[in-house]
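Read the figures in this text as sums done on the coordinates, not as results from a lab. The shown structure was predicted, so the numbers you read here are calculated from the model rather than taken from an experiment. For neighbour counting, all protein chains shown are included, and Cβ atoms are generated from backbone atoms with ideal geometry for every residue, glycine included.
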Amino acid sequence: MSTASKLVTMQEAIAEHVPSGAMVLLGAQLEQMIPFAAGHELIRQGRRELTLAGPISDILFDQMIGAGCVSRVMAAWVGNVSAGVGYCLRRAVEHNLPRPVQMVDYSNLTLALALHAGALGVPFLPTYSTLGSDLLKKNGNLREFPSPVNEEKLIAVRALRPDVAMIHAQRADQFGNTHLWGSLGVAVDGARAARKVIVVAEEIVAREVIASDPNRTLIPGFRVAAVVHEPWGAHPSPVQGYYGRDHAFFSQYHEQSRQPEDFERWLERWVAGVAGRREYLDLLGACRVESLGVKEHAFSAPADFGY
C-alpha cells in the first residue's frame with residue numbers, strides 16, 4: 001500500500017491532471033454528489049475544448065457550457081432538474097453561443113454500459129436497449145449488429161475511457177482510499193474506466209477509519225491520482241449524511257441564466273468572483289448552510305469483520 005500522500009488543493013489537482021481537450025466524467029452519482037466545486041475550478045482555470053461525460057449533471061454541465069469550456073457533451077440529459085431547461089445548453093446548440101457544442105446522445109443505460117465496458121477493459125458490451133431508436137442515427141458509439149448465437153439483433157455499446165473522472169465522496173484518506181454510500185450511479189465503473197481519478201471528499205480521515213469498513217471502500221487508493229478535501233464541494237446537490245439539496249439555488253439559477261447577460265452576472269458572482277469554496281460558502285451565508293444540514297440522522301449498524 002502506498003505511503004505517499006495524494007492530498008492536494010483543488011487548484012493543484014485541476015492544474016496537474018485536467019488539461020484542455022480532456023474527456024472529463026462529472027455527475028457520475030446522478031442527482032447527488034455532483035462535483036460542482038471541481039467544475040467551477042475548471043472554469044476559473046480557463047479550460048477549453050473539454051468533452052463532458054456523465055449520465056446527468058443537473059446544472060453543472062450547463063454552467064461549464066455557458067462559460068465556454070466545452071466542445072462536446074456525451075450524456076443522457078443536460079438541464080436543470082428543478083426547472084427543466086438548461087439555457088446555456090440551448091444557446092450553445094441553437095445559436096452557437098458562447099461557442100458551438102456537439103451533443104452525443106446516450107440513454108442512461110447505454111452510457112452506464114459504455115463505462116462498464118471501459119472498466120472491464122473490453123471494446124464494447126451488447127444490449128437490446130435503443131434498438132429502433134433515433135439514438136443510432138446520432139451516436140456512432142451505438143451500433144446495431146447480428147447476434148452471434150441466434151437470429152436477433154443487438155446494439156454494441158462502445159467502451160468509454162474518460163481521461164479524468166471527478167468523483168465526489170463522503171470521506172477518503174490521504175492516500176486516496178475512498179468510502180462512498182447512498183446513490184452511486186456509475187461512479188464505481190467511472191472510476192475504474194478512467195485513466196485518472198480525482199476524489200473530492202467531504203472529510204479526510206485516518207487510514208484506520210477506511211480500513212475498518214473495507215466493503216465501503218469502493219475506490220481504492222491505487223486508482224486515485226489526487227485527493228482534495230473540499231467540504232460542501234457538491235453544493236447545491238446533496239451529499240447523503242452531510243447536507244441536503246438546495247432546491248432554492250437551482251430555482252434561482254434558472255431565473256438568473258435565462259439571458260446571456262444574466263448568466264454572465266451569475267458566473268461572476270458565484271464562480272469567477274470567488275477564489276474557492278470557502279469564499280463561495282461565505283457568499284452563500286451561514287444561515288443557509290445551516291438550514292441544509294442533516295435533519296434526521298440514519299446511522300448504519302456496525303459490522304463485525306473479525307473471525
Over the range 173-252, what portion of Cα pair distances is larger than 14 Å, expressed as a whole percent? 65 percent
If you put +1 on each Lys and Arg Cβ and -1 on each Asp and Glu Cβ, how big is the dipole of the chain around its Cα centre, in Debye rounded to 20? 680 debye
Rank by packing, highest mean first: peptides 255-266, 169-180, with packing defined as the count of other Cβ atoms within 10 Å averaged across residues. 169-180, 255-266
In vacuo Debye scattering of the range 1-144, one point per C-alpha: log10 I(q)/I(0) at q = 0.19 Å⁻¹? -1.19
Counting other beta carbons within 10 Å of each residue's own, what order do Met103, Met64 fall into, fewest first? Met103, Met64
Applying the span-like rule to the chain (DSSP H, Cα extent along axis at least 15 Å, Kyte-Doolittle mean at least -1.0) gives 108-120
Answer with one residue from Thr110, Ser212, Ala201: the one whose Cα lies farthest towards the positive end of the charge dipole of the chain, charges on Cβ with Lys, Arg +1 and Asp, Glu -1. Thr110
Any idea what % of Cα-Cα pairs in the range 174-307 are farther than 25 Å? 41 percent
The residues Ser82, Ser237, Ser300, Ser5, sorted from fewest to most surrounding Cβ atoms within 10 Å, come out as Ser300, Ser5, Ser82, Ser237
MRE, 222 nm, helices only [DSSP H, n ≥ 4, -39500 (n - 2.57), over the chain, to nearest 500]: -8500 deg cm²/dmol
With the Cα gyration tensor of the chain in hand, give its eigenvalues times 5 under a square root as the equivalent ellipsoid semi-axes, listed largest first in whole angstrom. 29, 27, 18
Fewest-first sequence of Asp304, Asp105 by Cβ atoms within 10 Å of each Cβ: Asp304, Asp105
Anchor Lys6: lysines whose Cα lies under 28 Å away (excluding residues fewer than 8 positions away in-chain): Lys196
